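Engineer: Please find one structure pasted underneath; my questions will follow.
What follows draws every value from the coordinates through simple rules; no lab data is involved. For clarity, every value in this text was computed on a predicted model and none was experimentally measured. Cβ placement follows ideal geometry from the backbone for every residue including glycine, while neighbour counts extend to all protein chains displayed.
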Amino acid sequence: MKNIYLLLVSVFLLSGCSGFLDTDNLTQKNSSNFPANEEDMRSSLTAAYAANTYCEIGGDRWKNVMLISECMADYTLSGGGLGDRHVRALAEYKQSAVNFLSSMWRRLYSGVTRANFILETADQITWSGEESKNKVLGEAYFLRANFYFDLVRAFENVPLVTSTDVDKDTPQAEPSLVFQLILSDFKKAVELLPSVRYQDMPVSELGHATKWAAEGMLARAYLYYSGVYGQTDVTLEDGTALTKQEVIKYVDDCIANSGHGLISDFRNLWPYAYSNKDYGYAKENGLSWIGETGDNIETMFAYKYSTLGTAQDVSYGNGICLFYGIRGQETMPFGKGWGWATANPKLYKEWPDEDLRKKGTLWSVYDKEEGVSYKWNANRNYNETGYFNLNSATLL
């Protein structure tokens, strides 16, 4: 009997605890307590931006639309080494393995999900003002459009997901529907983001989407869609039509009011101009790299990277440069890389010598005036043309 009483008392005590025990998670953020304020929303936005770059960690660094497009272009050959089957497959429009771009697919859809989360939860918090809210929403719309633009160019037929509540059996959507969302999102970004000239933006905002970047990307996405699919008028999500003339107005607005433009010397855009003491070409032409701290009016939107990292772990660094780097050797001022996407000799020969962008873009190992030594077949090179992309190469 005594044991029965003890059991009853224990049950009573345990059942009574539910009334005063705190079930809120005090150590981790989850959907029950996040987002709670503007700082949380900005953290969500940072996470969405991060989806642009983190695939470049480890062996998946090459799986991004820019590098893949370069490898598949007519003006490059595959390059790399004899064992680099992935880049040869890309250059020949083949697969090197089943689902060999799956990590890029996951990265881009994680970005879509993070942008969707921001758009879904923006009304759950109290904002300091409408301007702050609109800026976060505008950047989220821009990012979602940008992720889908990469997806549709890489895979064409992709599921169209606009909510965090995703059905795993969501079918592929027609490209026309995906571009409808892309162009609608870019237009919303244009309408929501502030009209601040580039010169008036704080340095801390570099790397963030802007109204001007949204206008430019809207035009770029429209050109791609109208060029590939032959559609000049696009019906947007709100039922309105986006026409060629309307796109031109966005471009004209960007040109007239953004503060963006061209710098005086194309060659100063690229970091090799920073090595004007070590690199004869840069020294002889008085080049000086314009840098990444706000002076480059040509940059409308760019991913932000760190200088930290190694060849094995690029951390937050730009791993793409390693792929363009000269394979198997260091040739001052250029650092060692993997030699992907070597320039097609036809490009070099057909490019007029009087165009300073030719020598400012491509390094020819045959050009003795460069003052740079080169060792052929330093590391089982493949498609070793002797022409390299200077603009994205690694530097010592």
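Engineer: Name the residues whose placed amide hydrogens come within less than 5 Å of the amide hydrogen of T53, ignoring near sequence neighbours (fewer than 5 apart) on the same chain.
Structural biologist: When sequence neighbours closer than 5 places are left aside, there are no close amide H contacts.
Engineer: Given the C-alpha centroids of segment 91-154 and segment 324-357, what is the distance between them in whole angstrom?
Structural biologist: Segment 91-154 and segment 324-357 have Cα centres spaced 33 Å from each other.
Engineer: Translational diffusion coefficient of segment 164-297 at 37 °C, 0.692 mPa s, Stokes-Einstein with Kirkwood Rh over Cα pairs, in µm²/s as a whole number. Present the calculation step by step, with values, prior to reporting the outcome.
Structural biologist: Working: Rh = 17.6 Å.
D, rounded to a whole number, is 186 µm²/s.
Engineer: Given segment 290-379, what count of lysine pairs have C-alpha atoms under 26 Å apart, with each pair 8 or more places apart or on different chains?
Structural biologist: Total qualifying Lys-Lys pairs in segment 290-379 comes to 19.
Engineer: Quick one: plug the Kirkwood hydrodynamic radius of the chain (C-alpha pairs) into Stokes-Einstein at 37 °C, 0.692 mPa s, and report D in µm²/s.
Structural biologist: In µm²/s, the coefficient is 137.
Engineer: List, in order, the whole-Hz ³J(HN,Hα) value for each residue of segment 323-335 obtained from phi through the Karplus relation with A = 6.51, B = -1.76, C = 1.60 and θ = phi - 60°; use x for Gly and Pro.
Structural biologist: 5, 7, x, 5, 6, x, 6, 10, 10, 2, x, 8, x
Engineer: Here's something else I'd like to know. Which FRET efficiency, nearest 0.05, do K349 and D233 yield, Cβ-Cβ r, R0 45 Å?
Structural biologist: E(calc), rounded to 0.05, equals 0.65.
Engineer: Using the number of other C-beta atoms within 10 angstrom as an exposure proxy, rank I290, I263 with the fewest first.
Structural biologist: I263, I290
Engineer: Another one. Which far-off residues, 5 or more places away or on another chain, put their amide H under 5 Å from the one on G207, with H placed in the peptide plane?
Structural biologist: A302
Engineer: Mind listing the phi-derived Karplus ³J(HN,Hα) values for segment 217-234, rounded to whole Hz, using 6.51, -1.76 and 1.60 with θ = phi - 60°, and x for any glycine or proline?
Structural biologist: Rounded to whole hertz, the list is 6, 4, 5, 5, 5, 5, 4, 5, 5, 5, x, 7, 10, x, 9, 9, 10, 10.
Engineer: What aspartates and glutamates could a cross-link reach from K249, if we take a straight Cα to Cα line under 19 Å and drop same-chain neighbours fewer than 8 places away?
Structural biologist: Straight-line reach from K249, under 19 Å: D185, E191, E215, D233.
Engineer: Quick one: order R153, R357 by neighbouring beta-carbon count within 10 Å, fewest to most.
Structural biologist: Final ranking by Cβ density, sparse to dense: R357, R153.
Engineer: Still on this structure: Once R0 is set to 56 Å, what does the formula 1/(1 + (r/R0)^6) return for the Cβ-Cβ distance between D123 and K283, expressed as a FRET efficiency to the nearest 0.05?
Structural biologist: With R0 = 56 Å, the Cβ-Cβ based efficiency is 0.45.
Engineer: Where in segment 180-215 is the amide nitrogen less than 20 Å from a point lying 7 Å along the Cα-to-Cβ axis of E39?
Structural biologist: What the label zone holds, given the 20 Å backbone N cut-off, is 204-205.
Engineer: Test of the criteria: in segment 53-136, which GluC sites (Glu not before Pro) are in a DSSP loop and have at most 15 other Cβ atoms within 10 angstrom of their Cβ?
Structural biologist: Passing sites in segment 53-136 are E92.
Engineer: What ³J(HN,Hα) values, in whole Hz, does the Karplus curve 6.51 cos²θ - 1.76 cosθ + 1.60 give for segment 74-89 when θ = phi - 60°, with x put for Gly and Pro?
Structural biologist: 6, 7, 10, 10, 4, x, x, x, 4, x, 8, 5, 5, 5, 5, 5
Engineer: Give the dimensionless ratio obtained when the Cα radius of gyration of segment 82-200 is divided by 2.2 N^0.38 Å.
Structural biologist: It is 1.30.
Engineer: May I ask you to sort V196, V112 by Cβ crowding, counting other Cβ atoms within 10 Å and putting the fewest first?
Structural biologist: V196, V112
Engineer: Taking every pair of distinct Cα atoms and averaging 1/r, then inverting, what Kirkwood hydrodynamic radius in Å comes out for segment 164-226?
Structural biologist: On the way: mean 1/r = 0.0732 Å⁻¹.
With all distinct Cα pairs of segment 164-226 included, I get 13.7 Å.
Engineer: In percent, what relative contact order does the chain have, based on Cα pairs under 8 Å that are 6 or more apart in sequence?
Structural biologist: Value for the chain: 17 percent.
Engineer: Which cross-chain or sequence-distant (5 or more) residues have an amide H under 5 Å from the amide H of G337, H modelled 1.01 Å from N in plane?
Structural biologist: I326, R327, G328, Q329
Engineer: Mind ranking 233-240, 389-396, 348-355 by how tightly packed they are, going by the mean number of other C-beta atoms within 10 angstrom, highest first? Display every interim value, and only then the final one.
Structural biologist: Values: 233-240: 12.8, 389-396: 19.4, 348-355: 10.8.
Per-residue Cβ counts within 10 Å, averaged per peptide and sorted highest first, yield 389-396, 233-240, 348-355.
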